Amino acid sequence: MNHTIYHDLDAPMAKRALEKAAESYRARFASYDPSFTWENDERAVVSFKALGMTAKGTLTLKAGAVDVTMEVPFVLRAFRQKAMSVVEEEVRHWVEKAKAGSL
């Protein structure tokens, strides 16, 4: 599953907003054992667990956007749209905070 979240932040601020979104997501959904690890300055690997299975994906920073790619096991596909909507909501929240100077 692929999805793009558009923003109007510069690269360092977009990266910081993603880090804050990941921190918030980890706290809110701790029971799903979410993880977020930067591979390099532009790409983070993410995962969460549900029903004993792991969904994995990447968040890739681009100019004006974050590309989200998720590999979801077949059994968890009923949850993928909800998961993507929660990720987008969290990222948008922190993008807005960054734009307001609240990071």
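Every number here is computed from the coordinates shown, using simple stated rules; none is lab data. Predicted model only: the values in this text are computed from it and were never measured. Positions of Cβ are backbone-derived with ideal geometry, glycine not excepted, and every protein chain shown enters the neighbour counts.
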To the nearest 10 degrees, how steeply does helix 11-28 sit against the main Cα axis of the chain, on a 0 to 90 scale? 40
Those GluC sites (Glu not before Pro) in the chain that DSSP places in a loop and that have at most 16 other beta carbons within 10 Å: 39, 42
Calculate how steeply helix 77-99 sits against the longest principal axis of the alpha-carbon atoms of the chain, using the helix alpha-carbon long axis, and give the answer as 0 to 90 degrees to the nearest 10. 20
